[in-house]
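Read the structure below first, then the notes.
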Amino acid sequence: MILGNTRVYSVIGNPVKHSKSPIMHNAAFNALGINACYIPLEPSSTELDKVCSLIKAGVLSGSNVTIPYKEAVVEYVDVLTDEASMIGSVNTLYSNEGKLIGDNTDGLGFKKSLFSDFGFIPLGKSAIILGAGGAAKAVTAKLCQAELDSLVIFDIDLKKAEELLEHISKFNYKTKVDLIKSDQVNSSSRKSDLIVNCTPIGMNENDPLLVSPDVFSNNQYVYDLVYTPPLTKLLSTAKSCGAKTLNGMDMLAYQGAESFSIWESVEAPYEIMRQELLNG
Ligand code: NAP
């Protein structure tokens with residue numbers, strides 16, 4: 001129930017109508033009896049600073065940030081956490097002693113789902129990352145941090161791929177990182193232990209398969225950050241070839257739970273949040 005003193009959290013994005021974060025966070029507040037609610041906000045890019053001011057002032061208790069604002073909010077943040085600096089974008093905002101703090105929980109969500117739950121051991125392995133946007137930044141940071149042997153990145157927008165490579169290069173990771181062109185995607189995918197889709201391709205029924213169907217094998221891990229639909233064309237094709245497959249739902253639940261814990265200083269009810277996503 002919304003009361004006079006109910007605290008308000010949000011997710012900022014544009015568009016944001018598809019977001020499952022409100023379902024997940026409201027279920028968590030409910031489960032723990034916390035007097036707070038979580039709403040979607042769809043500011044234009046010129047209104048972004050105003051929403052950030054509301055969080056800084058404590059009018060909004062905190063917010064998640066999604067496409068296309070994860071990088072744009074950095075300029076309004078007073079303190080960037082080490083994790084957000086390492087990833088190079090922000091998905092969690094809150095105020096502390098009058099300062100706007102920008103954090104990022106996407107990497108942790110990816111790491112927990114891929115390494116702990118899915119059982120992928122990065123040491124000595126190779127990966128191909130398709131897409132070089134905000135999500136790819138979190139994914140590549142965690143793979144490099146875990147000493148993956150080698151990584152190749154492809155984005156239809158070469159500039160984005162170059163920016164990501166430039167960002168990764170600042171951190172002296174041991175991982176060998178290269179950019180590839182479109183005509184190398186299939187051969188690189190075939191050679192990779194891990195294939196990660198960090199593009200939105202797969203959300204629509206008519207989307208193309210990102211790689212040729214003959215690249216998959218039964219010793220590969222294929223991770224699609226897309227979670228709607230749960231079984232994308234990429235995952236169903238990989239699965240039929242015996243590859244181990246995972247969609248982005250667990251990453252979403254983990255990153256949400258981590259944001260929740262940061263805001264409320266309590267352990268988030270992860271299983272309830274995850275179940276709510278699966279139901280919703
Ligand atoms: P983004 O910043 O827009 O990045 C996506 C990148 O992929 C863009 O650079 C895009 O280029 C590129 N791209 C599009 N089609 C491509 C193709 N066929 N081949 C190679 N690159 C292509 O988006 P994002 O924030 O990184 O998110 C990407 C996806 O991950 C979304 O579907 C999002 O919902 C999902 N995601 C999931 C989670 C989770 O918790 N599961 C977390 C974050 C994101 P253009 O800009 O030129 O199109």
How are the Cα pair distances of region 32-77 distributed, in percent, across 5 Å bins from 0? 5, 18, 33, 25, 10, 6, 4, 0
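Computed FRET efficiency, Cβ-Cβ of E71 and E147, R0 30 Å: what is it to the nearest 0.05?
Numbers: r = 26 Å, r/R0 = 0.87.
Calculated value: 0.70.
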What number, in nm² with one decimal, is the all-direction average of the projected area of the convex hull of the alpha-carbon atoms of the chain? 14.4 nm²
Using θ = phi - 60° and the Karplus form 6.51 cos²θ - 1.76 cosθ + 1.60, what ³J(HN,Hα) does each residue of region 192-208 get, whole Hz, x for Gly and Pro? 8, 6, 9, 10, 10, 8, 10, 9, x, 5, x, 6, 9, 4, 8, 5, x
Can you compute the modelled spin-label distance between N30 and S53, with each label point 7 Å from Cα toward Cβ, in nm? 3.5 nm
Here, region 107-200 modelled as identical Cα point scatterers in vacuum has Debye log10 I(q)/I(0) at q = 0.13, 0.16, 0.19, 0.23 Å⁻¹ of -0.37, -0.57, -0.82, -1.24
What is the distance, in nm, between label points placed 7 Å from the Cα along the Cα-to-Cβ direction at K17 and at E205? 1.9 nm
List the relative contact order of region 106-255 as a percent without decimals, with contacts defined as Cα pairs under 8 Å and 6+ residues apart. 25 percent
Rounded to the nearest 10 Å², what accessible area does M251 show when all protein chains are kept and the probe is 1.4 Å? 20 Å²
For region 124-269, evaluate the Debye formula with one uniform point scatterer on each Cα (no solvent term) and list log10 I(q)/I(0) at q = 0.12 Å⁻¹, rounded to two decimals. -0.50
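With an 8 Å cut-off on Cα pairs and a minimum separation of 6 or more residues, tell me the relative contact order of the chain in percent. Present the calculation step by step, with values, prior to reporting the outcome.
Working: 550 pairs, mean separation 46.4, N = 280.
Reported relative contact order: 17 percent.
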Modelling each spin label as a point 7 Å along the Cα-to-Cβ direction, I'd like the S187/L165 distance in nm, to one decimal. 1.7 nm
If amide H atoms are modeled at 1.01 Å from N in the peptide plane, then the residues at a separation of 5 or more from L179, or on another chain, having amide H under 5 Å from its own are I153
In Å, the C-alpha Rg and Dmax of region 37-192 are 17.0, 52
Sticking to Cα atoms, compute the Rg of region 82-160 to one decimal and its Dmax as the biggest Cα-Cα distance, whole number, in Å. 14.0, 44
Return the long-range amide H neighbours of V222 (sequence gap of 5 or more, or a different chain), with a cut-off of under 5 Å between placed amide H atoms. I195, K244, T245, L246
Karplus (6.51, -1.76, 1.60) ³J(HN,Hα), θ = phi - 60°, over region 107-116, in Hz, Gly and Pro reported as x: x, 5, x, 5, 4, 5, 6, 7, 7, 7
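The values are calculated or read from the model by the stated rules, or taken from the named source; none is laboratory data. These numbers were taken from a predicted model, which means no experiment stands behind them. Cβ sites come from the backbone with ideal geometry, for glycine too, and all protein chains shown count toward neighbours. With ligands, DNA and RNA removed, areas are computed over all heavy atoms of the protein, side chains included. Shrake-Rupley method; radii C 1.70, N 1.55, O 1.52, S 1.80 Å.
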